Every structure is written in C-alpha cells, then in structure tokens.
Amino acid sequence: MTKLRTPALLGLAAVLASAAACKSSKTDPAPAAAAAVTAAAPVKVEPVVRQRVSEKLTYTGAIEAGQKITITPEMGGKVAKIYVEEGQRVSQGQLLAEMDTESVALQVKQAEAGLAVAEANFRNAARNKERMDRLVAEKAVSDAQYEQVKLGYDAAKAQLDQAQAAVNLARHALDVSIMKAPWAGLIASKNAQVGDVINPMMGGYGGGGGGVLTLVDDGRVKVVVEVSQSDIVRLQRGQKAFVKVGNGELKAAAGVVSVVNPSADPLSKKFRVEVTAPNPERTLRPGTFGSVEFEVVSHENALAVPQKTVFENKYVYLVEGGKAVKREVVLGLKNTTMIEVLSGLQEGEVVIVEGAFGLADGTPVEIRK
C-alpha cells in the first residue's frame, strides 16, 4: 500500500506545479509590457517672448582718470611744504604745496628797489624835458641841447619799463611757487618730499623731474581698448557704450565713444578706441581693467529665446501634447544670453530650455519646474 501511494503523491505534486507554472506565465506579460513603455524625459521649458535684442561687441581695456596732471612749479627750487597726502580728496583752488620762497622774496625786494630808482630817474627826466620843451618854444636852446635831454628822457622811460618788468617777473616767481589744485579731484601720488629740489625742465626724467604731486579727476573715467579691423567699421564717435568691472555687478552710467583712431597700430594692426563715462560713485578705479560693451545693432519687440535652446543654429524643441517636437527656425541678432527668432516660432509657444540634449522628435516629455 505504501509503495502505491508514493507514486500517486508524486504525480499529484507534478500536476500542481505544472498548473502553477501555467498560471504564472499568464500573469507575467502585464509588467513586462509596462516596462517596455518608454519613460517620459524630464524637461524645463520657457515661453517664446518679445523683447529688445541688441548685438554687442565686448572689449577689455585699462580704466584711466578723465583728467590727470602732474603738479609742478614753474620755477625750480626746494620743496618747503606739502599740505596733502596720497589718496586725499581736494577741492578746486586748494593749496597743495609751496616751494622755498626765501630767495624769490629777496628778488622781489631787489626788483622793487630797482623800480623805485627807475621811477625817480624817470620823474627827473620828465621834468627836464618839460623845461626843455618850454625853452625850445622860446628858441632859447639849440637843437643839440634838446636832443640830449630827449634822449635822457627816453632812456629813463625804458629803464622804468625794464624795472617794472623785473618786479612782475619776481612776483610771478613768488606766485607760482605756491601750488594749488586746478580742479577738484584725488591726489593719486606724492612724488616728492619736503626738502627735495624740483627741476621742472627735467620733465619726467631724473631726480625731481616727476613733479611734486599727481592729481586726477576720477569723477569721469576713460577706457582705452584695441579694436579689430572687422569691428572698427561698426563704431563711431558719440556711440553709446557701457563700462563694467568685476562680474558686471558694478556698472557705470552709459558712456560714449569719444575717440576712434582711423589708423591701425603698425604692430598689433588694431585700432585705438576711447570711451568716456561718468563715475559719480567712484566705483570705477583708475589703473584697473574693465570691459566695454558697444551696442552696434538693436531690434525692438523681437521674438527671442535663450541661446541654449537652439541646436546647430537651426532648430529648437517645443513641447506639444506631452511630446518633444523638433522645429526649424531662422535666427537673427543675439546677445550674451538671448537670440532673435525671425521665423519658425510664435509668441507664447513653449520651448525646452533644459533636458533637450539627446531628445528625438516625438519623445514623451514631462515638464518639471
């Protein structure tokens, strides 16, 4: 009996296992089919908008003060006093420095004494000429006597003029030994110390040739850039420009192109362009570098999309009905971030700005924020 039951039980187990296998094979196709469906690609979108699109040229150049002058006395001598320090702001007409005026003051006194002598001699010669004029009218003197007196008068007059000129010169030397600010600005550098001997005839060479102080007007700045041959034809005097420093967080008010050199540098083959801009907040520092943006062409109310949405300069991807749709476009102007679309898109249509790489026309997409 035991031997007969065992084969029967084994047969029953085989039948149950076969039935379970058949049932399992009938319920598996659903998950497999679901896995076969392509998952929607996550994307970010932006609408097509109308805005002003400008084509710009950007160059980097050195920022310089609008005005710069070396404060130097007209007459050479020793520096007696300096009233300002480097980095100090000064007002127009403010006293900056003085030269040693002891010898000049003595020259003034000497010239004034000579003038007094010349005035006395001239008064005496004038009285002699008046008497001689009366005697000539009475025919009481000869022509030779009259000529001698007249020559004395003319010589005294010339000596008086000479003495007056000497006084004026000495006083001028005294005046120019006092140095004042020609305009309000910033003391950019202190080029001499008290006791240094200044020789203005040396210019910027040699000891004492660099003047006493350097004054700059940083309320306006200028930026000099070197422009290529292809771009110089797009720039002209009076054209608007923007000056930026750092990452562009500091921007000067709109400046203008003040100089366009029509001749290229013989070595670099580039053209010198100068831009001036107001700097009321002093955010642009002379001696540093800045970038200049020239706006060369602008289109108002243009259809525009971000540049990163355009592939191969000819097509974009839109989202329609939950799927990516490839659309060819004709492009126009572009700036640093946006590009104009001349045809192929309508205002308000939605273009893919992130996640479009690797998409194909008709790929299911899911819009993410």
Legend entry - Single residue of the range 174-213 satisfying the filter (modelled with pLDDT of 85 or more and in contact with a helix residue (DSSP H, G or I) (Cβ under 7 Å, 6 or more places away or on another chain)) that is nearest to A97 (Cα to Cα): S177
Inset, instruction - Please determine, by comparing only the residues of the range 298-329 that are under 15 Å from E347 (Cα atoms) and charged (D, E, K, R), which one is surrounded by the fewest Cβ atoms within 10 Å (Cβ to Cβ). - result: E300
Inset, instruction - Could you list all residues from the range 330-342 that are within 27 Å of P42 (Cα to Cα), touching a residue at least 40 places away in the same chain (Cβ under 8 Å) and surrounded by 15 or more Cβ atoms within 10 Å (Cβ to Cβ)? - result: M338, I339, E340, V341
Inset, instruction - Only one of these is surrounded by 17 or more Cβ atoms within 10 Å (Cβ to Cβ), in a loop (DSSP other than H, G, I, E, B), within 21 Å of the chain's Cα centre (by Cα) and hydrophobic (A, V, I, L, M, F, W, C): L284, L345. Name it. - result: L284
Inset, instruction - Go through the residues of the range 221-241 one by one and say whether even a single one is touching a Pro at 6+ places or on another chain (Cβ under 7 Å), at pLDDT 90 or above and of a type outside the set (D, E, K, R). - result: yes
Inset, instruction - Could you please let me know if T363 is hydroxyl-bearing (S, T, Y), surrounded by fewer than 16 Cβ atoms within 10 Å (Cβ to Cβ) and either over 16 Å from E46 (Cβ atoms) or out of contact with any Phe, Trp or Tyr (no Cβ under 9 Å at 6 or more places or on another chain) (or both)? - result: no
Inset, instruction - Go through (1) assigned by TED's automatic domain parsing to the domain that holds V194; (2) modelled with pLDDT of 90 or more and name the single condition G77 misses. - result: (2)
Legend entry - Lone unmet requirement of (1) in the same structural domain as A120 (by TED's automatic domain parsing); (2) under 57 Å from the mean Cα position of the chain (by Cα); (3) surrounded by fewer than 16 Cβ atoms within 10 Å (Cβ to Cβ) for A184: (1)
Legend entry - In the range 287-318, residue modelled with the lowest pLDDT [restricted to those that are among the hydroxyl-bearing types (S, T, Y) and over 18 Å from the mean Cα position of the chain (by Cα)]: S298
Legend entry - Exclusive hit being surrounded by fewer than 17 Cβ atoms within 10 Å (Cβ to Cβ) and in contact with a strand residue (DSSP E or B) (Cβ under 6 Å, 6 or more places away or on another chain), set R127, R52, R131: R52
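Being out of contact with any strand residue (DSSP E or B) (no Cβ under 8 Å at 6 or more places or on another chain), on the phi > 0 side of the Ramachandran plot and assigned to a loop (DSSP other than H, G, I, E, B), is that true of even one residue in the range 321-339?
yes
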Inset, instruction - Please indicate, with yes or no, whether at least one residue in the range 261-273 is in the same structural domain as V233 (by TED's automatic domain parsing), small (G, A, S) and in contact (Cβ under 8 Å) with a residue 24 or more places away in the chain. - result: yes
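The values are calculated or read from the model by the stated rules, or taken from the named source; none is laboratory data. Note that the structure is a prediction, hence the values are computed from the model and not measured. Please note: Cβ atoms are built from the backbone with ideal geometry, for glycine as well, and neighbour counts cover all protein chains shown.
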